[in-house]
C-alpha cells in the first residue's frame, strides 16, 4: 500500500508533466578559434576587465564614415530607450492554470511535511514550491493590471464609485501578489542559507536576485506615479527603497559569480552590474562588463551587450567606436532574424536610430546618403537621412540640417511628404535668422516660397487629400 508521501510525489510528477518546460535563458559559451585572450583572461573568469572581440564585431570595421571634429555632447540623450528589462525571466515551472497551481502546492505541502529537513530532496521541494508561488504572484499582478483600462474608462466617465471599487480590487490583487512573492523569497533564502551543496544553487541565487530586482522596478514605477501626483516625499522614499533592493540584488549575484563562474546564469548577473555602472555614469566599468558579456554569444543578452557598448563609447565621446558597435548590433540582429529569431527587431531599430544619432556628432552631410545606404539599404536609408536632419537641427547645426533635408527632397522631387522636409528647412532658416546670420532673413522668404510651390504642385497633380491638407496647414 502506498504512503501519502508516495501518492503526493506521483501526483506532483503527473501535474508537472502537463506543464510547459523551462525556457533556458542561455546556452554554454562557445570557444572561438583564433581568438586571442588578454593576459589573465581565463575561460569562465568573471573578471570584468577581461576583454575579447567577436566575429560579429569585426564585420563593421570598414563601415565607419569619414570623421570631422565631433560636436560637444551638451544635453543630448545619455542612454538608450531600450532597457535590459526587455529580457524577462521565465520560471522553471510554468503552470498557467490557477487550479493546477493550487493542486501543485497541495502536493508539495504534503511532501514537505513528510520529508525530514535534512533530506537531500528538501531543497528541491522548497525550490519547486517557491517557483509555484512566483507563478501565483505573477498571476495576481496580471489580474491587477487587467483592471487598468477599466479604471481609466471609469475615470473618463466620471464614475467615482466604480473607480473606487476597481481600485480596491486592484489593491487586493497587488497585496496577494506581494505576499506570494515574499513567501517565495523566504523559501529561496532558506535554500541558500541551509543547503549550500544544493545542485541548483546557482539557479536559486539567480532567481532570488531577479525577483528582488522586479520588486525594485515596481518601487520605481510607484515613485513615478507618486511624483506625477505631486507626492515628492513619498516618491523619494520609494526610490530609496528601490536603491536598497538593488544592492541586495547585486549581493546575490556576487555570490553567483564567485561560487559558479561557469553557470549559465553568469551573463544575467554580469548584466546587472553592467547596467548599474552605466546608470551610475561609470562608463569605464560599464564598458568592461558589457565587453565581458559578449564572451557568451549564445546568451539572450549578447546583442544588447554589443548595443550598450556603443552607448558607453557614445557617452565617452568616442563616436567612431560607438558607431562601430551600433553597426555590429544591426549585423547581429539581422543574422538572428535570418536564422528565424525575430525577437531582435526592436534592437535593430534602436541601433539604426543610434547610428544616425552618433553620425550627427562627427559625420558630414555629403557622405551620409552613401553610408546610410550601406547600413539601412534602399528601404531605410531615406528615413535615416530625415532623422539626421533632425539631429543636426537639435545640435544647432542649422546649415547641415538644411542640406540634409534638401538631399532628401532631391531623391524624389514629387514625393508627397516633401512638404514636411521643406517645412523643417524653413524652421532651420528661421533659427539662422534668430542668430543674425548673414542672408538668413532673405533665405526665409525663399524657403517659404519653395514650400508654397510644393503645396501648389501637390494640388495640381491631385495628391492624396490628407497630404494636401497637411501641406496646407504648414504653408498657411
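The values are calculated or read from the model by the stated rules, or taken from the named source; none is laboratory data. The structure presented is a predicted model; accordingly, all values stated were derived computationally and were not measured. Cβ sites come from the backbone with ideal geometry, for glycine too, and all protein chains shown count toward neighbours.
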_Members of region 165-179 found to be surrounded by fewer than 18 Cβ atoms within 10 Å (Cβ to Cβ), touching a helix residue (DSSP H, G or I) at 6+ places or on another chain (Cβ under 9 Å) and more than 19 Å from residue 99 (Cα to Cα), listed by number_ = 165, 167, 169, 171, 172, 174, 175, 178
_Between a residue in region 172-188 that is farther than 12 Å from residue 132 by Cα and any residue that is outside any helix (DSSP H, G or I), which pairs come within a Cβ distance under 9 Å, given they are 6 or more apart or on different chains?_
173/146; 173/147
*Tell me, please, whether a residue that is buried (at least 18 other Cβ atoms within 10 Å of the Cβ), in contact (Cβ under 8 Å) with a residue 40 or more places away in the chain and more than 25 Å from residue 459 (Cα to Cα) can be found in region 396-404.*
yes
_Qualifying residue in region 180-189 (condition: more than 24 Å from residue 219 (Cβ to Cβ), at pLDDT 90 or above and surrounded by 15 or more Cβ atoms within 10 Å (Cβ to Cβ))_ = no
*asked:* Suppose we filter region 324-358 for residues that are outside any helix (DSSP H, G or I) and out of contact with any helix residue (DSSP H, G or I) (no Cβ under 6 Å at 6 or more places or on another chain); how many remain?
replied: 5
*Report yes if residue 351 is within 26 Å of residue 408 (Cα to Cα) and buried (at least 16 other Cβ atoms within 10 Å of the Cβ), otherwise no.*
yes
*Of all residues in region 146-163, how many are surrounded by 12 or more Cβ atoms within 10 Å (Cβ to Cβ), assigned to a helix (DSSP H, G or I) and under 34 Å from the mean Cα position of the chain (by Cα)?*
7
_Members of region 301-323 found to be without any contact (Cβ under 8 Å) to a residue 40 or more places away in the chain, surrounded by fewer than 24 Cβ atoms within 10 Å (Cβ to Cβ) and in a helix (DSSP H, G or I), listed by number_ = 302, 313, 321
*asked:* Condition first: outside any loop (DSSP other than H, G, I, E, B), exposed (fewer than 15 other Cβ atoms within 10 Å of the Cβ), within 19 Å of the chain's Cα centre (by Cα) and modelled with pLDDT under 85. Can you find one or more residues in region 71-86 that meet it?
replied: yes
*Wholly enclosed helices (runs of 4 or more DSSP H) of region 411-476 bearing at least 2 residues touching a residue at least 40 places away in the same chain (Cβ under 8 Å) and under 22 Å from residue 398 (Cα atoms)*: 418-434, 465-475
